[in-house]
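Notes to accompany the following structure.
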């Protein structure tokens, strides 16, 4: 690691036991690195042309990043590579870290959960992280004006009340609903959608 020329991103998990970073050598070749206190040396991904959008599982030593490898857009998920389409949104993990999810466009819109792509009948906002239900059966996100979600078994896009602006969306595992705050005519509303 002494030959690294630049460090572009660094993240820690929620308990501070895992660290991941993206670094490049003098030739510009980038790699994703992962380190835990139990490792003698960091895990290192295959070399890529560029990498960005680093995401780390909240508890487990799992890392994902968007990358370009051999001219192709990919998502590197702890060493496995998945096609990411022409455009890809931010990568996120479920609350327990068991599921990695991202949305993208490759002709049509899709979401990918742990490497499995599901095509959607509607558009996904690629500017915000997609949230995922605990069992992986539904995804939700904030559009510019509402909370949107899809039950992946039914593949039906549903939306909440239209707002002037919409804040971030979360998945509440206790109530099994997607939630977000919307702002309408100077008033704040809690939008809550049950994907079941």
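The values are calculated or read from the model by the stated rules, or taken from the named source; none is laboratory data. Note that this is a predicted model, so its numbers are computed, not measured. Quick reminder, even Gly has a Cβ in these numbers, built from the backbone with ideal geometry, and neighbours come from all protein chains shown.
Has segment 51-64 got any residue that is within 26 Å of residue 99 (Cβ to Cβ) and either in the same structural domain as residue 99 (by TED's automatic domain parsing) or exposed (fewer than 15 other Cβ atoms within 10 Å of the Cβ) (or both)?
There is at least one residue in segment 51-64 that is within 26 Å of residue 99 (Cβ to Cβ) and either in the same structural domain as residue 99 (by TED's automatic domain parsing) or exposed (fewer than 15 other Cβ atoms within 10 Å of the Cβ) (or both).
Working carefully through the options 106, 153, find the one that is under 26 Å from residue 63 (Cβ atoms) and at pLDDT below 95.
When all the criteria are applied, what remains is 106.
With surrounded by fewer than 16 Cβ atoms within 10 Å (Cβ to Cβ), in contact with a strand residue (DSSP E or B) (Cβ under 9 Å, 6 or more places away or on another chain) and under 29 Å from residue 188 (Cβ atoms) as the only criterion, which of 148, 138, 123, 142 stands out? After ruling out the rest, the residue left standing is 123.
On the given criteria, is residue 126 more than 24 Å from residue 182 (Cα to Cα), assigned to a loop (DSSP other than H, G, I, E, B) and in the same structural domain as residue 195 (by TED's automatic domain parsing)?
Numbers: more than 24 Å from residue 182 (Cα to Cα): no; assigned to a loop (DSSP other than H, G, I, E, B): yes; in the same structural domain as residue 195 (by TED's automatic domain parsing): yes.
When the stated conditions are applied, residue 126 does not pass them.
If I filter segment 68-90 for residues that are touching a strand residue (DSSP E or B) at 6+ places or on another chain (Cβ under 8 Å) and closer than 23 Å to residue 154 by Cβ, do I get at least one hit? Yes, that holds for at least one residue.
For segment 101-116, filtering for residues that are exposed (fewer than 15 other Cβ atoms within 10 Å of the Cβ) and free of Cβ contacts under 8 Å to residues at least 24 places away in the same chain leaves 3.
Is there a residue being under 21 Å from residue 171 (Cα atoms), touching a residue at least 60 places away in the same chain (Cβ under 8 Å), under 10 Å from the mean Cα position of the chain (by Cα) and assigned to a loop (DSSP other than H, G, I, E, B) anywhere in segment 93-100? Yes, there is a match, as at least one residue in segment 93-100 is under 21 Å from residue 171 (Cα atoms), touching a residue at least 60 places away in the same chain (Cβ under 8 Å), under 10 Å from the mean Cα position of the chain (by Cα) and assigned to a loop (DSSP other than H, G, I, E, B). The set of residues in segment 156-192 that are under 22 Å from residue 90 (Cβ atoms), outside any strand (DSSP E or B) and within 23 Å of the chain's Cα centre (by Cα) comprises 160, 173. The residues of segment 36-50 that are in a strand (DSSP E or B) and surrounded by 18 or more Cβ atoms within 10 Å (Cβ to Cβ) amount to a single one, 48.
When only residues in segment 80-89 that are free of Cβ contacts under 8 Å to residues at least 40 places away in the same chain and under 15 Å from the mean Cα position of the chain (by Cα) count, which is surrounded by the fewest Cβ atoms within 10 Å (Cβ to Cβ)? That would be 87. Among residues of segment 171-196 being touching a residue at least 24 places away in the same chain (Cβ under 8 Å) and farther than 13 Å from residue 146 by Cα, the one that is surrounded by the fewest Cβ atoms within 10 Å (Cβ to Cβ) is 196.
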